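One structure below.
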Amino acid sequence: MCGIIGIKNENVSYSIYTGLNAIQHRGQESCGIITEYNGKYYMKKDLGLVNKVFDERDLIDLSGNVGLGHVRYPTVGSDPKKNAQPFFTLDPKIAIVHNGNIVNYFQLRSELKKEGRKIESGCDVEVILHCLAEELKKTKDIEESVYNVMDRVKGSYSCLALIDDKLVAFRDPYAIRPFVYGKGKGYAFASESSALDMMDYTLERDLKPGELMIVDGKIESKTINKKGERHCMFEYVYFSRPDSVMEGKTVYDIRLNLGKNIDFDKDADIVIPVPDTSRPAALGFAEKNGIEYKEGLIKNRYTGRTFIMPTQKMRETAVKRNLNCIKSVIKDKKVVLVDDSIVRGTTSRRIVNMVRKAGAKEVHLVSSCPKLLHPCFYGIDFPCKEELIARKDYKKLIGADSVTYQSIDGLKKAIGIRGLCMACLNGEYVIEPSEEFALKRKKERVKMEVL
């Protein structure tokens, strides 16, 4: 899972920088910007947050009227520096950024190497880049090339590319990862509409499954390879900003309804959200059940999101420094903690213990997401079913007096759109990963933990 920005306008670097800051929550490991001007690429990418990597001088140097930006959250690859996006090739001249996961990555990587292509990273967008480059050399036609790439590359992907000075956007045939575009003085594409707002572009709509858009003075659009709709449910539950609009739905409203759709039968005095993502769900839950809503956990604003940190050790360390209790709110109360989801149980276990130490009589944990029982192979970082606490004795491991999950029906009702990807809940994969891919993903996860 990552965040992408693409703009065709005048002097795009400042707007791309603004847009990347708006979607920093989608990736904290690395970031990058590439622009094109007078036939040359100008690029900077590095490890770190957007406001640490780029300064005023960089944005001046990144001159150009078309450009791409990226923030990375690692789900594949163990070398962060090499895996930072954007990527480009000069044979032919293409630059690219991407959000998603390619499930036939290892097969394509092997094929491309045999064909003489040099693969320098463990990032799956480099495979897309070389597939696109091969097709363009053969066909000399963007539409035909992208169609062939869609046919060859299996998985989730929202891609933005610079082909010469054209801005090209395409979305996988199932539209798994979010992707929107907007209009202003020029055209802008982004993972979330909140980025368009911050860059002063007006949201037009989401890209359709299998859609290709080309901006070259004017914008051209064509759906070239649609197979269905499988929008990732976890975007609505956790990943996206609450002020974003996806597939016509405001994320905040969906999270409010997620809280209202949870069935709960315990006695409680107060409802406390686990900040920040679960606040709307906690508010909806409190309203439905007539329980007082309180802020009892304070988050350190200068630390990042724990879930998207690449290793378990980093997540556990971050939880320690991320949250603190307001003891006067919690002491002698029967507390309901509402969290957006329970994945590995790392955060949940530590927060339940923290609230108990603050003097709570009882601690009940509520998840606005149903039980996560299966790995995600499309861009969310839980590739191993052994990591998922819902497959274990979760109540005992978490240490709460009760643990309540959202129902799948409650989730579907709250989101209110057809065509959701819920493979992590029900094991129904619209694109079945190979056993080789699943095994190698698991090995990469172990390698990342060791490093």
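The values are calculated or read from the model by the stated rules, or taken from the named source; none is laboratory data. Because the structure is predicted, anything quoted here is derived from the model rather than measured. For neighbour counting, all protein chains shown are included, and Cβ atoms are generated from backbone atoms with ideal geometry for every residue, glycine included.
Residues that are small (Gly, Ala, Ser), closer than 17 Å to residue 162 by Cα, out of contact with any Asp or Glu (no Cβ under 9 Å at 6 or more places or on another chain) and touching a residue at least 12 places away in the same chain (Cβ under 8 Å) do not occur anywhere in segment 14-28. Does residue 374 count as outside any loop (DSSP other than H, G, I, E, B) and either modelled with pLDDT of 95 or more or outside the structural domain of residue 209 (by TED's automatic domain parsing) (or both)? No, not satisfied.
For segment 360-373, residues that are out of contact with any helix residue (DSSP H, G or I) (no Cβ under 6 Å at 6 or more places or on another chain) and surrounded by fewer than 24 Cβ atoms within 10 Å (Cβ to Cβ) total 3.
Each residue in segment 104-143 was checked for being surrounded by fewer than 12 Cβ atoms within 10 Å (Cβ to Cβ) and not in a helix (DSSP H, G or I), and 5 pass. Among all residue pairs at least 6 apart or on different chains, which show Cβ distances below 6 Å where the first residue, located in segment 330-354, is touching a residue at least 40 places away in the same chain (Cβ under 8 Å) and over 21 Å from residue 257 (Cα atoms) and the second is among the basic types (Lys, Arg) and part of a helix (DSSP H, G or I)? As it stands, the answer is 346/315, since those pairs meet every condition given. Once segment 1-34 is narrowed to residues that are in a helix (DSSP H, G or I) and more than 19 Å from residue 200 (Cα to Cα), the residue that is farthest from the chain's Cα centre (by Cα) is 25.
Each row is one residue, and each column tells you yes or no for (1) outside the structural domain of residue 22 (by TED's automatic domain parsing); (2) charged (D, E, K, R); (3) in contact (Cβ under 8 Å) with a residue 40 or more places away in the chain.
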{"position": "220", "(1), (2), (3)": "no, yes, no"}
{"position": "225", "(1), (2), (3)": "no, no, yes"}
{"position": "255", "(1), (2), (3)": "yes, yes, yes"}
{"position": "263", "(1), (2), (3)": "yes, yes, yes"}
{"position": "276", "(1), (2), (3)": "yes, yes, no"}
{"position": "285", "(1), (2), (3)": "yes, no, yes"}
{"position": "290", "(1), (2), (3)": "yes, no, no"}
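If you take the residues of segment 20-71 that are of a type in the set (Lys, Arg) and under 16 Å from residue 84 (Cβ atoms), which of them is surrounded by the fewest Cβ atoms within 10 Å (Cβ to Cβ)? Reasoning before the result, please.
So the first thing to find is which residues in segment 20-71 are of a type in the set (Lys, Arg), and the list is 26, 40, 44-45, 52, 57.
Subsequent filtering for residues that are under 16 Å from residue 84 (Cβ atoms) retains 26, 44-45, 52.
On the way: 26: 26, 44: 19, 45: 21, 52: 10.
Among those residues, the one meeting the criterion is 52.
Just wondering, is there one or more residues in segment 243-253 that are within 30 Å of residue 81 (Cα to Cα), at pLDDT 95 or above and not in a strand (DSSP E or B)? For segment 243-253, residues within 30 Å of residue 81 (Cα to Cα), at pLDDT 95 or above and not in a strand (DSSP E or B): present.
If you take the residues in segment 390-403 that are surrounded by fewer than 20 Cβ atoms within 10 Å (Cβ to Cβ) and either outside any strand (DSSP E or B) or free of Cβ contacts under 8 Å to residues at least 40 places away in the same chain (or both), which one is nearest to the chain's Cα centre (by Cα)?
This residue is 391.
Checked against the criteria, residue 168 does not count as within 26 Å of the chain's Cα centre (by Cα) and closer than 18 Å to residue 378 by Cβ.
Selection of segment 55-81 for residues being closer than 19 Å to residue 161 by Cα and in contact with a Gly (Cβ under 9 Å, 6 or more places away or on another chain) yields 65, 66, 67, 68, 69, 70, 71, 72.
In this structure, is residue 386 outside the structural domain of residue 347 (by TED's automatic domain parsing), free of Cβ contacts under 8 Å to residues at least 60 places away in the same chain and of a type outside the set (S, T, N, Q)? So residue 386 fails the test.
If you take the residues of segment 216-237 that are outside any loop (DSSP other than H, G, I, E, B) and charged (D, E, K, R), which of them is surrounded by the fewest Cβ atoms within 10 Å (Cβ to Cβ)? Walk me through how you get there before you give the answer.
Looking only at segment 216-237, we keep the residues that are outside any loop (DSSP other than H, G, I, E, B), and these are 216, 218-223, 231-237.
From what's left, charged (D, E, K, R): 216, 218, 220, 222, 235.
Numbers: 216: 15, 218: 7, 220: 13, 222: 15, 235: 26.
This residue is 218.
Quick check: is even one residue across segment 167-178 assigned to a loop (DSSP other than H, G, I, E, B), buried (at least 21 other Cβ atoms within 10 Å of the Cβ) and either on the phi > 0 side of the Ramachandran plot or free of Cβ contacts under 8 Å to residues at least 40 places away in the same chain (or both)? Yes, some residue in segment 167-178 is assigned to a loop (DSSP other than H, G, I, E, B), buried (at least 21 other Cβ atoms within 10 Å of the Cβ) and either on the phi > 0 side of the Ramachandran plot or free of Cβ contacts under 8 Å to residues at least 40 places away in the same chain (or both). Scanning segment 180-215 for residues that are surrounded by fewer than 18 Cβ atoms within 10 Å (Cβ to Cβ), touching a Leu at 6+ places or on another chain (Cβ under 9 Å) and touching a residue at least 60 places away in the same chain (Cβ under 8 Å) yields a single hit, 184.
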